[in-house]
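The values are calculated or read from the model by the stated rules, or taken from the named source; none is laboratory data. The shown structure was predicted, so the numbers you read here are calculated from the model rather than taken from an experiment. Positions of Cβ are backbone-derived with ideal geometry, glycine not excepted, and every protein chain shown enters the neighbour counts.
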Amino acid sequence: MAILLPFALGAQSWSWVAPVDGSGGESCIVLQALESGGLTAGGAFTGNLAVQGWEAQAMGGDDLYLLRLGADQQLLWGLAAGSPQDDEVSALAELPDGDIAFAGAFWFELQLGDTLLSSGGAPRGLFIARLNPEGQVRWARSIPGQGLKNITGLLARPDGSLAFTGYFEQNLDLAPLFLDSERDDGSTFAFVAALNGQGESLWAQQAGHSNDTRANAIALLPEGALAIGGFFNDTTRFGDTRFTANTFDPDVFLASYAEDGSFRWARKAGGVVDDEIRALAGGPDGSVYATGNMVGVMAVSEDIVLETLSGNPNFFLLKYNAEGEPLYGRTLGNAQIQQGLDIDEQEGLVAISGTFTGALEIDGRAISSGGTPHGFVAGFNADGEGRWLVPVPANVALVASCLDIGPERRVLIGGSYAQTATFDEEAISCTGNTGAFIGQLAPSLTPAVQTPGQELKVAVFPNPGSGHFRLQPAGMPYAVRLYDGLGRLLRQWEDTDQLRMEGLPGGWYMVVVSLGNKTKVLRVQMR
């Protein structure tokens, strides 16, 4: 048994990392940055779990856990629940009043606080629960149904209601509402639903037709509207919109619903091999960002056609406007395997986490894992241009499965690894089969966005160049900081209009130029 404490890191990629470890296998599946400055994270564990003096013992199979850390990364409370079979937490959200809602799945029965949840005769049931800020259960409700089912996304809306998405096979009981696929051939349907703050059903919608339609992600849009995304592999229906997959391999769908659950629009994208949305993020203007995995060619529109470098999966970044029209798309990866697993957006910063093998290059920034699956976190601006790229190495395998951008653009990452993981120069090792981690990237990677009135009017010349650059307008007392592609501070100067980069290797660098209270971030290419 290990009692694990967070540790601060001295290099520039990470501010701190908190291991989550025990005697068996641990995962970090969901992560939520809190307005208070702390965070809540959850996942599954086997055996025992011990974190900063709090301990839990699994009842058998996988049990679920939640942890709440304060702004100083100290544990405020922990919650564990389970049964002799596998149980999981799959979605997490913070409500406007600071309460925490979480959702997942269990087998037969699950005790949460004073509430004993039942799967209603089927082996596996779904649940949603609400906790107060101290971790005590306010209410919990089960969502039974026949056949395969899962909750894959949960969010809180400004009015305190909860919206969630997932998929089901035969039926789903959201009493007093009831969803029914009217099929018994193993087909699955996507669903999206809403509860009020007391856990009572407000509305529910389903989408599908034949074979599989599954929602993997949900995003909040302005005025309480929603977007859901996932895949379908035959024929599917969203409202009065019908799609047919190009082949019987998965194609992508993206659909939007109004605050009251009424259908707004749906879009598809696909090719002849597997394409799938894994995560969504909503922008303040109603735009939707999506990431996931694709193989081969994926046609998003007549003008946007993406293609992988080989028959292995790459990940992608898509952006749609508020009306569902695609604005751009990017394929990201190499000839080996890459996966985009989570995405978030705040104040013009878009971040994606996942896993990769081999070399990964994004807009002049390159990292390599060799033949071992490593984790990654990549940052983009709202136009899809790469801004930074951080590897998370492991000696066996690592998956950066979840991320969230909190206040002041704090980028939090969670994931799982086998044996040993490395954060900057600090290595952590797990006790059992796998370990989990939670970490925060260094603020130097994600500086606060400047308002238009605060942005400095400055340029660098020549660009690209060979080592000696000049800032224009010249003759100004600029303060200059130079970072590499991982956000590590390399050099800094005061009261200068010169940028001296002699001796540095070729590639892209980030330069932060300040004058008074105005700042400008520039990209400079060294030949």
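All conditions but one from (1) farther than 27 Å from LEU34 by Cα; (2) part of a strand (DSSP E or B); (3) of a type in the set (A, V, I, L, M) apply to ALA335; the one that does not is (2). Highlighted here are the strands (runs of 3 or more DSSP E) found entirely within the range 8-80 that include at least 1 residues which are touching a Leu at 6+ places or on another chain (Cβ under 8 Å) and surrounded by 21 or more Cβ atoms within 10 Å (Cβ to Cβ): 14-20, 26-33, 39-45, 48-51, 63-69.
The residue that is surrounded by the most Cβ atoms within 10 Å (Cβ to Cβ), among those in the range 325-340 that are of a type in the set (A, V, I, L, M, F, W, C) and in contact with a strand residue (DSSP E or B) (Cβ under 8 Å, 6 or more places away or on another chain), is LEU332. Across the range 81-108, the qualifying residues are those that are among the polar types (S, T, N, Q) and more than 18 Å from the chain's Cα centre (by Cα), and the one among them that is surrounded by the fewest Cβ atoms within 10 Å (Cβ to Cβ) is GLN85.
Of the residues making up the range 200-216, those that are over 17 Å from GLY261 (Cβ atoms) and either hydroxyl-bearing (Ser, Thr, Tyr) or surrounded by fewer than 21 Cβ atoms within 10 Å (Cβ to Cβ) (or both) are HIS209, SER210, ASN211, THR213. Checking LEU226, LEU254 one by one, the residue that is farther than 18 Å from PHE316 by Cα, within 21 Å of the chain's Cα centre (by Cα) and touching a residue at least 12 places away in the same chain (Cβ under 8 Å) is LEU226 and no other.
State whether one or more residues within the range 240-250 are of a type in the set (Gly, Ala, Ser) and buried (at least 16 other Cβ atoms within 10 Å of the Cβ). Yes; the residues of the range 240-250 include at least one that is of a type in the set (Gly, Ala, Ser) and buried (at least 16 other Cβ atoms within 10 Å of the Cβ). Filtered by the rule that a residue be over 12 Å from ASN463 (Cα atoms) and outside any loop (DSSP other than H, G, I, E, B), the range 497-509 gives GLN498, ARG500.
When TRP54 is tested against (1) closer than 16 Å to GLN136 by Cα; (2) among the aromatic types (Phe, Trp, Tyr); (3) in contact with a Pro (Cβ under 7 Å, 6 or more places away or on another chain), just one condition goes unmet, and that condition is (3). Just checking, does the range 403-411 include any residue being more than 11 Å from VAL350 (Cβ to Cβ), surrounded by fewer than 24 Cβ atoms within 10 Å (Cβ to Cβ), touching a strand residue (DSSP E or B) at 6+ places or on another chain (Cβ under 8 Å) and small (Gly, Ala, Ser)? Yes - at least one qualifying residue is present in the range 403-411. Residues in the range 115-136 that are among the charged types (D, E, K, R) and loosely packed, with under 12 Cβ neighbours inside 10 Å: 1 in all. Residues that are out of contact with any strand residue (DSSP E or B) (no Cβ under 8 Å at 6 or more places or on another chain) and on the phi > 0 side of the Ramachandran plot within the range 354-384 comprise just one, GLY370.
Residues that are more than 28 Å from GLY329 (Cβ to Cβ) number at least 3 in the following strands (runs of 3 or more DSSP E) confined to the range 371-450: 410-418, 420-423, 426-429, 435-441.
I'd like to verify a number: residues in the range 276-299 that are more than 18 Å from the chain's Cα centre (by Cα) and either among the aromatic types (Phe, Trp, Tyr) or surrounded by 24 or more Cβ atoms within 10 Å (Cβ to Cβ) (or both), how many? So the count comes out to 1.
Within the range 236-268, work out how many residues are β-branched (Val, Ile, Thr) and under 25 Å from GLY311 (Cα atoms). The qualifying residues number 3. Does any residue of the range 167-180 turn out to be at pLDDT 95 or above, closer than 22 Å to SER401 by Cβ and not in a loop (DSSP other than H, G, I, E, B)? Yes, some residue in the range 167-180 is at pLDDT 95 or above, closer than 22 Å to SER401 by Cβ and not in a loop (DSSP other than H, G, I, E, B). Considering ASP72, ASP86, the condition of being at pLDDT below 95 and either touching a Lys or Arg at 6+ places or on another chain (Cβ under 8 Å) or farther than 23 Å from ILE151 by Cβ (or both) is satisfied by ASP72 alone. Contact map, the range 415-428: residues that are among the polar types (S, T, N, Q) paired with residues that are surrounded by fewer than 16 Cβ atoms within 10 Å (Cβ to Cβ), Cβ distance under 8 Å, separation 6+ or inter-chain. Pairs shown: GLN419/ASN395; GLN419/VAL396; GLN419/SER429; THR420/ASN395; THR420/VAL396; THR420/ALA427; THR420/SER429.
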